[in-house]
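The values are calculated or read from the model by the stated rules, or taken from the named source; none is laboratory data. Note that this is a predicted model, so its numbers are computed, not measured. Every residue, glycine as well, gets a Cβ built from its backbone with ideal geometry; the counts of neighbours run over all protein chains shown. Ligands, DNA and RNA are excluded from the accessible area calculation, which covers all protein heavy atoms including side chains. Shrake-Rupley method; radii C 1.70, N 1.55, O 1.52, S 1.80 Å.
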Amino acid sequence: MNAPLAGYNFAYLDEATKRMLRRTILKAVAVPGHQIPFGAREMPLPYGWGTGGIQVTAAILGPADTLKVIDQGADDTTNAISIRRFFTRVAGVATTERTEEATIIQTRHRIPEAALREDQILVYQVPQPEPLSKLEPRRAETKRLHALADYGLMHVRLYEDIARLGHIAKAYDYPVMVNGRYLMSPSPIPAFDNPKMHRMAALQLFGAGREKRIYAIPPYTEVRSLDFEDHPFRPIRAPQACALCGSRESYLDEVITDDRGGRVFVCSDTDYCGTRVAAQKGVA
Amino acid sequence: MYVAVKGGERAISAAHAWLDETRRGDPAVPELTVAQIEQQMGLAVDRVMAEGSCHDRFLAALAIKQAKGDLIEAAFLLRAYRTTLPRFGASEPLDTGAMRLRRRISATYKDLPGGQVLGPTFDYTHRLLDFALAAEGAPPPAAPEAAAPVAPTPRVTELLAREGLMQREAAEPGEPGDLTRQPLTFPAPRDVRLQNLARGDEGFVLALGYSTQRGYGGNHPFVGEIRVGHVTVEFTPPELGFPIEIGEIGITECQMVNQFKGSRTEPPQFTRGYGLVFGHGERRAMSMALVDRALRSAELGEDVTAPAQDQEFVLYHSDNIEATGFVEHLKLPHYVDFQSELENLRTIRAALARDSMAEAAE
């Protein structure tokens, strides 16, 4: 473990702020899927770049933790590097790129392919915690709709897709019902990842810094993607196999290789892909 | 064979080194000192203190230097520093009636107790580029100095209130709200609205104030008074139980006098739009006062129809640190979402193509 940055408390935030955050997190765990307002602090990274996730991670991080940070499924995307560096600087904790070694995984836009365990926590960065925001911009009003569990607006929105296009056209940030009570934004993960949230063994925490909301899904909680009996939810992925590891199950990034229509598909989860490639080499 | 690009970590380090180099510019040109910025870019320092929500001229000047003169970036640096400071409590209310004035003007009375004091203002300058400033020279001659006024300078709105023509503000009990500790909730009380506007983006608040003048929620404002100067800050430490002076700060206060038709419970009278900001910031204080009054529409029983009267619209979008972060986050990678949209669009297009082929076959 490196020595944390001089002049700053462990994990940057002062202990009183961490206590406020932990109380908010406990409340969020107690009411799965319900957005809890909190006094988000101004962080040294910009709003919209993961300040909510960073505050949640800072509140739960201990010196013995091993942190993994991913953005778009990858450990080596610039903002993931920046956030990992931040915690290395201010907390001096061990970091890893291996999903199975991490005790806390902070993520933007993906859930790792490997199933997570009870002793792991997944922290999501959330740009817009309000699933109804595109349908009703006023928070005073959406708060009322949540209180009444009045989610007709969202059902109509999904139905309109079916009427116009033949199926639901929401490809990411696909709304879910948590514990049969609250409509929740899963953050802008691809709809492909939604089923992983259902009865996940790991605790899932969601931090929205700019919008100042935290919510949570406790382990083994029911999480259902919104759908209709005659139009069941279907996750989307590119039909190709990964060009590196050959996986036909993982979520793929499309990479343009030239200006003549050349493209390859590779796993978005770099650890999953790397582990498979290493195993294949080991066998060969 | 495709190989994934690596090396983001080295790229970030190199980019930051380049940033440092461009900040310094041509090393043949002397480096700016923080003191020079603080003294000679005073209004930029004031804006950064206001939007950075931290009254410290040295830190604001340092932030401007570090941000290469990008004032929103500078305010962000100052806010990120401010958030690490302990919060001791709330000061006693400032007595702006006892302000040590550099400037005080009223647009509602030709003359009034304490008089009109123009002070150091751009007003009535002719905006002609002064090429003499391009040459370094001796400092300008000292401005002539009048004798300090002995008469007190009561606030214009207080004169009106004594006559019963200006609505009195009800004092709210307890400490004022602090949106750096508690998130916004709606309807937001006026203390929190004022805090939000005082730290809000000058351009945004200016445009909203302007929109009220052009008919989007207007209230026939008059500048009752603008005063610029220094006030003493008093704080009551719990262990003492009485207020002590802990320093003074430079502020600008604007009180707008607005018409009010009256309601069932209140006679027709003037109402107040209030602006108070760190440093010398008349544009900011005046815009704030216009928007403050517009945001009172609901409580005064007026129709809420215009953007400037809409609490959620104004208060959720005024903060330029939040706004710039979220607008600029669009440059972060969105491969995953974009990929899901691509597959989605391809699926829809394929289905449409199948349908039209089937139709053509029929």
So, by mean Cβ neighbours within 10 angstrom, what's the order for A:73-85, A:90-102 with the highest one leading? A:73-85, A:90-102
Does anyone have the angle between helix B:57-66 and the longest principal axis of chain B? Alpha-carbon axes, 0 to 90°, nearest 10? 30 degrees
With all protein chains present, how much of the accessible area of the protein assembly as shown (probe radius 1.4 Å) comes from carbon and sulfur, to the nearest whole percent? 58 percent
Run the helix sum for chain A: -39,500 (n - 2.57) per DSSP H stretch of 4+ residues, divided by residue count, reported at 222 nm to the nearest 500 deg cm²/dmol. -9000 deg cm²/dmol
Using a 1.4 Å probe on heavy atoms of the protein chains only, the accessible area for B:D26 in Å², nearest 10, reads 90 Å²
Against the longest principal axis of chain B, how steep is helix B:282-295, in degrees 0 to 90 to the nearest 10, with axes from Cα atoms? 80 degrees
Mean Cβ-within-10 Å packing, highest first, puts peptides A:244-257, B:243-256, B:282-295 in the order B:282-295, B:243-256, A:244-257
Enter the Cα centre distance for the pair the stretch B:78-157 and the stretch A:40-82, rounded to the nearest angstrom. 43 Å
Would you mind getting the accessible area per residue of chain A, heavy atoms of the protein chains only, 1.4 Å probe, in Å²? 41 Å²
Rounded, prolate or oblate: which one fits the stretch A:237-284, using the alpha carbon gyration tensor with axes a ≥ b ≥ c (rounded when a/c is under 1.5, else prolate when a/b beats b/c, else oblate)? prolate
Give the angle, between 0 and 90 degrees and rounded to the nearest 10, that separates the Cα long axis of helix B:335-361 from the longest principal axis of the Cα atoms of chain B. 50 degrees
The answer for B:E248, listing residues at least 5 apart or on another chain whose modeled amide H is closer than 5 Å to its amide H, is B:V233
Mind checking the per residue accessible area of the stretch B:30-154 for me, 1.4 Å probe, whole number of Å²? 68 Å²
Using alpha carbons only, how many angstrom separate the centre of the stretch B:193-251 from the centre of the stretch B:283-362? 30 Å
For the stretch B:12-82, just say rounded, prolate or oblate: build the C-alpha gyration tensor, square-root its eigenvalues into a ≥ b ≥ c, call rounded for a/c under 1.5, and beyond that prolate if a/b exceeds b/c, oblate if not. oblate
Within chain B, helix-based [θ] at 222 nm, where runs of 4 or more DSSP H residues each add -39,500 (n - 2.57), nearest 500: -12000 deg cm²/dmol
What area, in nm² and to one decimal, does the C-alpha convex hull of the stretch B:185-343 cast on average over all directions? 14.8 nm²
Provide the buried accessible surface between chains B and A in square angstrom, both chains summed, 1.4 Å probe, rounded to the nearest 100. 4500 Å²
What is chain B by shape, rounded, prolate or oblate, if you read a ≥ b ≥ c off the alpha carbon gyration tensor as root eigenvalues and call it rounded for a/c under 1.5, prolate for a/b larger than b/c, and oblate otherwise? oblate
